[in-house]
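Okay, so here's the structure we're looking at.
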Ligand SMILES: Nc1ncnc2c1ncn2[C@@H]1O[C@H](COP(=O)(O)OP(=O)(O)OP(=O)(O)O)[C@@H](O)[C@H]1O
Ligand SMILES: Nc1ncnc2c1ncn2[C@@H]1O[C@H](COP(=O)(O)OP(=O)(O)OP(=O)(O)O)[C@@H](O)[C@H]1O
Ligand SMILES: [Mg+2]
Ligand SMILES: [Mg+2]
């Protein structure tokens, strides 16, 4: 039956990812991946979480938010305080980072109830900057000199967080609640008139997105030894935004793919210090010119090899 | 440009080969790209000179990695240099934060790191523990602040000083802290403590505020880009009291930005002065200008240059390109004559240098006094 | 006056017109009728240069205009009143009309035509300074037509001028169309309201899924059973 | 067909935009099961009246109640949940959602599975989603749209989009259905088909329908009563025959001879 | 008295923001593109002015003109190469391209001449201090203020009263309908970019003369502030950008004056968000309810 089939697909994908996890874990403990590659994998994981979480806000719910680095920063600092100052275990610190960021998401969700488009963009950008400036002025977390954090982020943690993020976002999106969010993106007035509590779902999207970005912040803080307010400026938000748009607005797999691709490209370009940013910017411009809809458009990866006849009424016809 | 990081990966720090691999992890793009780029210019000049003869016949091969002025990228760059390129030594980063981001990696892989301009004490010594593979070329000077405070009290006869710091810089904060302590100990009063952030351009509002506190001396530890603007805008706002800064002011650009008139009645503590007739310094200025289209070197150029010689000296004494031997040699550095002063390392891996006090007179630095660390 | 020969038009990969040919003589009112999505608007857009035909020819007074930019086609004397009116909502009525005469340099002539438009549509004169976005649907339709007339067209393309209008206004608009035609302007009219269109037209073409399936004198078509059944709501 | 208790009672409602009184002092009563027309010149305030009923605009005066419940200041989604659903004059579908998903969105407030159960994929999620699928498909079948179910809404031809909008409005399980110019852009033949469809769904779903339309053949053909708005005010109300011959309506709206 | 002095400080800082925001909001209002590269065109303008003055040894006005012309051409090139292919794409895709262009200009400049700052000669324009009742105003900041006002008036006139301005507004509202009027859409958009970029170039030179120090990344923060000012005033509304810029400057000055200079930008953003919550269309934007 359909239920069974759908549930099967779900468990199958979990199984596959566990196998992937084990392979990487074996390679790490077997010394097949040197620390540089390990670090790159961590960074990819963190960026995937960031991209996916912003995808929920922009790609799914259509709220033009360009202050995502703010949530990352809140998560990073909150979790660093947990481990470094309060000596809590890493797991607790990740959770607290996520929750604090979610709280920030609720706060920034509020202007989103009144603002639209570019006005909302500016407000979220302002929020991100406010977070950065507040951190800059709190001596408890080191102010401008930043806060030193121990290295606790490991592959199992990153993997678990990525898996959690993707599952939460995918399951949310492909449910009636996700559709409610998409309907807000498509036409807020119509969604409202069709019985969707748009206020509620916008805030939910911000809160979930921020929560996941907060977890990414925790992983980030505990991977790079030091966190500095200057690393969470609006340019960082743009980096995350680029993942989402380049992958294809509205496509989760696109966002993930772009996060992987751009992280690899960026890392690779470290070798060309003089032309690095020039190449990077050219890559951006050319990709956007030739694929303005993003790498995957609005499609998902799975739609490329979807089984036929999964549904009862699945007559795949296209008229457009 | 820098030498490529091309396929000679088998060369590692075993000491037998012709080249010694050195990595540079610098801020070549992003917010403080100008610092990183200046350091690289100085460093490349130094290496070019050193490689002319080589160190015991060996040449230094530089692999440069850009860290985008981000801590995360700095970590990744350090990992790349240590595990991919297998360099013997890392030079960088320019800022303390980005240096801290690679401390653990250097310690773990036993690769010495020399930060040309990272001034935070935490870099080398944190929580009572020495990071024994980490070094720096710059000074963490409380010393400069102390010297400035004594100068203010004794020479300027200042009673009410204002302090205006760059809150994004440990360097600026460190100098200010020492200045305030010493100035108060000398019986003076701090009438205003204000702050800006590097890359600001308009300081008029804060200067107006400082002016209304009626100081008779302003201590302005910061880098020349902002210091020049601040002095200029202060003079325009009618704040005519003496200003004083540290070695971060040192750049010909300072005079261009502030204007020679505005700089009258300002002082700096420095370890060298590009106007110093000392032969070593003049040679540096000359070859720098020759290599870089007649550009006059600034403080970061000098630090990058000195870092090159600091390292070369150690490699020579180590007689090997082995990381651990180089580290030991670096630790033993003593009375090394560099452009930015005579250089001895203390047990916290911080260089001890003497300081001079210079005055700007119509755009020219004039030597006033030289003060040795006690 | 206008001659279309065997044109094919695409939106990306989707073919919207297949081998359409038609001609319009000077002084006529010709109407295009057809169901939703048949390709009527596409044909008008192709004539006015908003779309380019992939194959085939569009000749206006002997000159080939297929593939020319829209602004040069306006200059030749073809004005298009697009579907859905498309007035510049953020500008006043007057500014909209002035934009209609964008390519013209003869100040006196423009002024004269402005007067003419105001006599044709007295409602617009009452609202010269009003933002056109706040006009009612019928007024916007008048404005769109007035704006097109400001270019002094010899051929006027009208796309569903009665859409969404109150019956009273529909009648007014159609009267005005006839009046404009009497003034010497040739008209190509697209209408869903086929009854009405046929009642003022000289000739008609019937479009179905991108091709012309029928053409003839307006009276002839009105009488045809087939047409009655498909488009006139006769049962 | 009328009972004593009105389904919808609109009492002296009005709204002002800046200086413009778009709707003022309008009184309307609709009884369960009625099919009512709302006509009037362009800019008379018909669409605005719909916006007032659905909470898109908040009236500056007067009150609206549905089955005796005051709707004042309720947000649109709550009004929809209470039983008023609508279509829009300029089609407002969720273009990048599939046809079936458009309908499922409207069914959302009737869904039983919670967000948590969806995220954690509890069986209730699968059950709930499947029920939605089945319901939505039923609606699509009625409108002959089931072949298009996986097509994106924006790719449908215009006429189908109009029909999908009505299907979507119905999926919210309304008591009162508001249709804003459902026949706009359709030719007489298509209009005729639509007329029959509206009559059919009214019977099947036990609906009350209020529709705005400029096509007199449709309005006069199916409506039991007609309200006429002009300059924001009601100028007439009555049976089609009465309206057709009402001099005020002829002057303001119909013109000398009715075109049909 | 100090408060008045601080207001003056704020207004003179705000005039700089306004100067940049004018061109920003014009392009923004007409092309509906958040042109993040505007700040970088401003930087290019500052450098062109600098080289004209130092290498070509030109006086102020010719240098200003050259910079405006170079920037106008530069702006048109950017539009044609990078933005034109994206006319029909989503706005957010165009935004990403704009970010790409911005990075390209910044790092292209760094590649050419390094990241270190350059200093304008101190004597391009004579300065004097005007003292009124103990409040000192520099003649340069007065000049900037008036330049901004004059440009605002000219720009407002161009956009609302001239034929090209009407064409711009028509294109911005509905490009296809504009084509049917005989308007050449490509040329109109190019003209918009040319004017907007020329203004950015002028702002760059004036900035250089006023603040002396210029560097390849100097456009980022003023560009951001100009964006904020444009949105604060209401997108596309020219006097709005002026007021938005001035307001931003005054807020920053007052926060610094109160001794919270490190909180300056933070407070400015808090005020921005608050204003937007109460006026979601910006200060001068008409609070249009969406017509349903
Ligand atoms: N921009 C577009 N992109 C893709 N397809 C389009 C586009 N515009 C129209 N089409 C398709 O081209 C075909 C013809 O459309 P056109 O608008 O010309 O029809 P029409 O006869 O004017 O219909 P209507 O009566 O609805 O106005 C339709 O199938 C339509 O879906
Ligand atoms: N959000 C709004 N702001 C300002 N004015 C508005 C708004 N909505 C509607 N109006 C005005 O209210 C009046 C009534 O408009 P409405 O759309 O209700 O007319 P209508 O009767 O539906 O006309 P049509 O038959 O053309 O659709 C018009 O003058 C319109 O411009
Ligand atoms: Mg059409
Ligand atoms: Mg209406």
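One table, with the values for the structure above:
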{"item": "Those residues of the range C:145-175 which are more than 16 Å from ligand 2 (Cβ to nearest atom) and either within 14 Å of chain D (Cβ to nearest Cβ) or not in a helix (DSSP H, G or I) (or both), in sequence order", "result": "C:150, C:151, C:152, C:153, C:154, C:155, C:156, C:157, C:158, C:159, C:174, C:175"}
{"item": "Residue tally, condition within 13 Å of residue C:35 (Cα to Cα) and either in a helix (DSSP H, G or I) or touching a helix residue (DSSP H, G or I) at 6+ places or on another chain (Cβ under 8 Å) (or both), over the range C:193-209", "result": "4"}
{"item": "The range D:147-181 - residue that is assigned to a strand (DSSP E or B) and closer than 17 Å to residue D:192 by Cα and, of those, nearest to ligand 2 (Cβ to nearest atom)", "result": "D:180"}
{"item": "Extreme residue, surrounded by the most Cβ atoms within 10 Å (Cβ to Cβ), among residues of the range E:71-87 that are within 8 Å of chain A (Cβ to nearest Cβ) and without any contact (Cβ under 8 Å) to a residue 12 or more places away in the chain", "result": "E:86"}
{"item": "Hey, residue D:15 within 16 Å of ligand 3 (Cβ to nearest atom) and touching a helix residue (DSSP H, G or I) at 6+ places or on another chain (Cβ under 7 Å) or not", "result": "no"}
{"item": "Some residue of the range B:362-372 being at pLDDT 90 or above and surrounded by 15 or more Cβ atoms within 10 Å (Cβ to Cβ)", "result": "no"}
{"item": "Selection count, the range B:195-237, where residues are part of a loop (DSSP other than H, G, I, E, B) and within 9 Å of chain E (Cβ to nearest Cβ)", "result": "7"}
{"item": "Residue list for the range D:152-189, filter: closer than 18 Å to residue C:39 by Cα, away from chain C (no Cβ under 11 Å) and surrounded by 20 or more Cβ atoms within 10 Å (Cβ to Cβ)", "result": "none"}
{"item": "Residue D:93 vs. criteria more than 13 Å from ligand 2 (Cβ to nearest atom), more than 8 Å from every other protein chain (Cβ to nearest Cβ) and touching a helix residue (DSSP H, G or I) at 6+ places or on another chain (Cβ under 7 Å)", "result": "no"}
{"item": "Search result, residues across the range E:88-101 that are more than 7 Å from chain A (Cβ to nearest Cβ) and within 22 Å of the chain's Cα centre (by Cα)", "result": "E:91, E:94, E:95, E:98"}
{"item": "Residues of the range D:71-90 satisfying the condition of being within 16 Å of ligand 2 (Cβ to nearest atom) and in contact with a strand residue (DSSP E or B) (Cβ under 7 Å, 6 or more places away or on another chain)", "result": "D:86, D:87, D:88, D:89"}
{"item": "Single residue of C:109, C:100 found to be away from ligand 4 (no atom under 16 Å from the Cβ), within 18 Å of the chain's Cα centre (by Cα) and away from chain D (no Cβ under 14 Å)", "result": "C:100"}
{"item": "Hey, residue D:121 surrounded by fewer than 20 Cβ atoms within 10 Å (Cβ to Cβ), outside the structural domain of residue D:8 (by TED's automatic domain parsing) and modelled with pLDDT under 90 or not", "result": "yes"}
{"item": "Count of residues meeting criterion [closer than 24 Å to residue C:202 by Cα and surrounded by 22 or more Cβ atoms within 10 Å (Cβ to Cβ)] in the range C:5-23", "result": "3"}
{"item": "Those helices (runs of 4 or more DSSP H) lying entirely in the range E:131-190 with at least 3 residues on the phi < 0 side of the Ramachandran plot, exposed (fewer than 15 other Cβ atoms within 10 Å of the Cβ) and more than 14 Å from chain C (Cβ to nearest Cβ)", "result": "E:139-161"}
{"item": "The range D:187-227: number of residues that are assigned to a loop (DSSP other than H, G, I, E, B), more than 16 Å from ligand 4 (Cβ to nearest atom) and in contact with a helix residue (DSSP H, G or I) (Cβ under 7 Å, 6 or more places away or on another chain)", "result": "3"}
{"item": "The lone exception for residue B:192 - which of (1) under 30 Å from residue E:116 (Cα atoms); (2) outside any helix (DSSP H, G or I); (3) free of Cβ contacts under 8 Å to residues at least 60 places away in the same chain it fails", "result": "(1)"}
{"item": "Every residue from the range E:233-266 that is more than 20 Å from residue B:169 (Cα to Cα), modelled with pLDDT under 90 and at the interface with another protein chain (Cβ under 8 Å from one of its Cβ atoms)", "result": "E:235"}
{"item": "Within the range B:248-328, helices (runs of 4 or more DSSP H) holding 3 or more residues that are within 18 Å of the chain's Cα centre (by Cα)", "result": "B:252-258, B:279-291, B:299-318"}
{"item": "Qualifying position, being within 7 Å of chain A (Cβ to nearest Cβ) and either over 21 Å from the mean Cα position of the chain (by Cα) or without any contact (Cβ under 8 Å) to a residue 60 or more places away in the chain (or both), among D:106, D:136, D:111", "result": "D:111"}
{"item": "Residues located in the range B:65-108, provided they are over 11 Å from residue B:25 (Cβ atoms), more than 9 Å from chain A (Cβ to nearest Cβ) and without any contact (Cβ under 8 Å) to a residue 40 or more places away in the chain", "result": "B:107"}
{"item": "Flag if residue C:66 is modelled with pLDDT under 90, more than 10 Å from every other protein chain (Cβ to nearest Cβ) and more than 16 Å from ligand 4 (Cβ to nearest atom)", "result": "yes"}
{"item": "Meets criteria (more than 23 Å from residue A:134 (Cβ to Cβ) and crowded, with 24+ Cβ neighbours inside 10 Å) for residue A:56", "result": "yes"}
{"item": "Pick from the range D:17-41, criterion without any contact (Cβ under 8 Å) to a residue 60 or more places away in the chain and closer than 24 Å to residue D:248 by Cα, ranking: nearest to ligand 1 (Cβ to nearest atom)", "result": "D:20"}
{"item": "Odd one out for residue C:144 among (1) farther than 25 Å from residue C:23 by Cβ; (2) over 12 Å from the mean Cα position of the chain (by Cα)", "result": "(2)"}
{"item": "Members of the range E:191-208 that are surrounded by fewer than 24 Cβ atoms within 10 Å (Cβ to Cβ) and more than 16 Å from residue E:76 (Cα to Cα)", "result": "none"}
{"item": "Number of positions in the range C:122-144 that are more than 14 Å from chain D (Cβ to nearest Cβ) and either within 16 Å of ligand 4 (Cβ to nearest atom) or touching a helix residue (DSSP H, G or I) at 6+ places or on another chain (Cβ under 8 Å) (or both)", "result": "4"}
{"item": "Within the range B:155-189, tally of residues that are part of a helix (DSSP H, G or I) and under 17 Å from residue B:246 (Cα atoms)", "result": "14"}
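The values are calculated or read from the model by the stated rules, or taken from the named source; none is laboratory data. As the structure is a prediction and not an experimental result, all values here were calculated from the model. Virtual Cβ from ideal backbone geometry, glycine too; neighbours counted across all protein chains shown.
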